[in-house]
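Any read-out appearing in this document is the output of simple, stated calculations on the displayed coordinates, not a laboratory observation. Since this is a predicted model, take the numbers as computed values, not measurements. Using ideal geometry, Cβ is built from the backbone for each residue, glycine included, and neighbour counts are taken over all protein chains shown.
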Amino acid sequence: MSNLVIMESPPKAVTVKGYLGSGYKVVASTGHIRDLPKSTLGIDIEDDFKAKYINIRGKGPLIRELKKEAKNADKVYLATDPDREGEAIAWHLSIALDIPEDKIRRVTFNEITKKAVKAGIKAPRDIDMGLVNSQQARRILDRIVGYKLSPFLWKTVKSGLSAGRVQSVATRIIVERENDIRAFKPEEYWTIDVMLENKNHGHIKAKFYGNADGRMELHSEEETMKIVSAVDGKEFTVRSVRKAVRTKNPAPPFTTSTMQQEASRRLGFQSQKIMRVAQELYEGINLGTQMGGVQGLITYMRTDSLRIADEAADAAKQYIVDKWGEQFYPPERRVFKTKAGAQDAHEAIRPSNLAYEPEKIKKLLTNDQYRLYKLIWDRFMASQMASAELDTVTADIEAGGYIFRSSGYSVKFQGFMTLYEESEEYVAPNVADTDTPEKSIKLPKIEQGDVLKHDETTPSQPFTEPPPRYNEASLVKFLEERGIGRPSTFATIITTIITRGYVVREGKSLKPTELGELTTKLMVDYFPKIVDYEFTADMENELDEIANGDITMSQVLHGFWDDFEKTLEHAEKTVEKSAYELPVEETDIICEKCGARMVVKNGRYGKFAACPNYPACRNTKPLSKDGKVVEDKVVETDMVCERCGSPMVLRTGRYGSFYACSKYPECKNTKQIAKEIGVACPLCGAKIVMKKGKSRSVFYSCERYPECQFSSWDVPTNEKCPKCGGMLYKKKGKNLLICKNENCDYKREIEPEPETETETTEDIT
């Protein structure tokens, strides 16, 4: 009996193949194989929104191969990701490969471990059409909004713009915060700090609180200095000391959203990077033969659930008791309640096997993998530990009829804090806060009736601050709290609005561009529903209802389209284009071709200077971040252009140096500057050089390419395979040497190389 397993990811397929053995052939679809066409809407609105799917360009050979394998198999296990996107891929595979229903087995794995994979294979089910229809509805809604609204934006604002059902809302959030910052008016307030000393020379810092009648707020220098004078030379007497024990509970294990927030704050990772690294940890890391080979280190990383398996909770208990003692485990197992409306199909994000402690496998991980894995590990383990206990102290100190307050705490019992503490989001100060204990402040011994020595009085005049700009962590938090989008889509949303030029990064902050603000204004004026927070959240709820079988896809799509169509027709008839024109920013740069004063334009890679007489004059100049022209340095070479015979020159562009024909723009021939790596080509003996592809990714090829066809994504080495004598390659992104010769499976772990920063450049060919 032959069994075929189809997964999404090639690395994951390799891992699972190792678990299942010779009775199974495991292959990968590399994501979706069918989608809506790019050139047309691809949806027959009149025929109940029927989608016209086509095979994705370039996947024809793969589909034919998969179809052949499926035909020859007795059973076909569709093991795509355990979410609605993965469910849709499984459905598309069943149709595109023409798999008979009696052959199809839908299986899912919450974690890529041998036990979980084998358990999944033993528990197949039917394809869940509720999840499939939910994904289809989302795809169709996004396609309608994108295809119908984008042309409207082109005609009104600027060509090449795009609108999206969720991306437009995310842009609006950032724009509105910017408007709040601009409208903010700082308010003056005053504080008074005093430094005091007890009889044992312990230093105590106290803040002005008020008087016997209660709290007072200081609004002027006059009333502040009145108090300073009143306490000058007076005794500072401790009137009351309040002591309490405060219990601090650990945060729950990660969901997709909280992982993105915490990794952004603590590690400085961007959302897209977080999800990429988490995917790597989930799909499997080669830990060597002694530790079981390739192992998935975490559970599925797209989840809203706080639930954890009983087996994992029991393992965590045993680990905690063994490592720290019984007192570090709570009296009862912690159970965290998943919020209403969350998708609970998968567990919270946790380590798949506690035997793989972060420090034990650190050398086998990249630095990014280690840091994220440790964060997930620490968060999960802390979530199962006992609460911390804090001794809090609040002392009221009187002088001259006024009260000063000193607060602090000390750790009585570390509990989970011995391992992990959640980072905190910055909140702009708006009032002087004298009630909250200052973190890590340990007060010296202080008792009621103590007379304290007065060392120093410091009045100060702070101002209230505007709300901070959103960063990726705070934006993700807002989106989740309002139910806008799904955690699995947050990284893509942020990447999209930056790529489209609606938002830019300034440090860690997200700031709207003029284009983003203007587009948002247009959307709010003419399509308020599309960018309404509640409407977008309600739409997400309806998609969940489709998945649960409570409503149909047709109901949701008709309900949206009927109103949207009328709104679009009204907008096209009434819009005043002049109200949404982008302001033109002139420069001092004179176009040397036509004499016009050049203007600033925004492109895919930032701002550049362009001639205003476009398209008659197409002259452009790259600009640096400070708005100055990036000089194009030209150096003569001995090379000759193989296209026109003219001399080649060395030029410096935005992304580094390259060779170009001296007759540019008549001849546009360019060549990369290839870097030799000191390894000979195994096919012809010429030099192997390092190059960069169109996506800026590094690859290696023979210097005689294309005459010699040798190329590789992995790094060629001078080391020979001990089994077959072939060339060994260093696996890209892995601490692993492999042989690529057919029928040779030699591989060997190597010591990780020290991390170095590498410069990336864009391919100019």
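List of remarks:
- Distances between every pair of Cα atoms in segment 256-383, grouped in 5 Å steps from 0 to the bin holding the largest one, split as 2, 10, 20, 22, 21, 15, 8, 2, 0 percent.
- Intensity falloff of segment 585-667 expressed as log10 I(q)/I(0), Debye formula with alpha-carbon point scatterers, at q = 0.17 Å⁻¹: -0.79
- Segment 91-153 versus segment 373-425: alpha-carbon centroid distance in Å: 45
- Considering only Cα atoms, the convex hull volume of segment 672-749 works out to 100 Å³ per residue.
- Amide H within-cut-off set for I589, under 5 Å, with H built and near neighbours excluded: M598
- Pairwise centroid distance, computed over Cα atoms, of segment 675-722 with segment 280-306, Å: 31
- Counting neighbouring beta carbons within 10 Å and listing from fewest to most, the residues D714, D455, D638 come out as D638, D455, D714.
- Neighbour-count ranking [beta-carbon atoms within 10 angstrom, fewest first] of C724, C641: C724, C641
- Cα radius of gyration and Dmax for the chain (Å): 31.6, 96
- The chain - mean residue ellipticity at 222 nm from DSSP helices (-39,500 (n - 2.57) per run, n ≥ 4, rounded to 500): -10000 deg cm²/dmol
- Alpha-carbon spread of segment 3-127, three principal axes, descending order, Å: 48, 27, 26
- Taking packing as the residue-averaged number of other Cβ atoms within 10 angstrom, the listed peptides 616-628, 302-314 run from highest to lowest as 302-314, 616-628.
- In terms of surrounding Cβ atoms within a 10 Å radius of their Cβ, E666, E111 rank from fewest to most as E666, E111.
- Net charge over other residues, Cβ less than 12 angstrom from the Cβ of I63 (K, R count +1; D, E count -1): +3
- Sum of side-chain charges, H454 neighbourhood, beta-carbon under 14 Å (Lys, Arg +1; Asp, Glu -1): -4
- Order by protection proxy (mean Cβ within 10 Å, highest first), peptides 192-203, 506-517, 83-94: 83-94, 506-517, 192-203
- Prolate/oblate/rounded label for segment 186-250 (Cα gyration tensor, a/c 1.5): oblate
- Which listed pairs, of K25/K67; K185/K521; K593/K663, have C-alpha distances above 20 Å, in listed order: K185/K521
- Over segment 256-383, relative contact order from alpha-carbon pairs under 8 Å, at least 6 apart, %: 30
- Interchain or long-range residues, amide H under 5 Å from M690's placed H: K675, E676, I677
- Backbone amide hydrogens, once placed in the peptide plane, bring I403 within less than 5 Å of Y209, G210, N211, excluding anything fewer than 5 places away on its chain.
- Residue-count net charge about V599 - beta-carbon cut-off 10 Å; Lys, Arg +1, Asp, Glu -1: 0
- For segment 672-749, the relative contact order comes to 17 percent (Cα pairs under 8 Å, sequence separation of at least 6).
- Two-decimal Rg/Rh across segment 463-557, once Rg and the Kirkwood Rh are taken from alpha-carbon atoms: 1.03
- When you restrict to C-alpha pairs under 8 Å that are six or more residues apart and normalise by the size of segment 3-127, the relative contact order lands at 27 percent.
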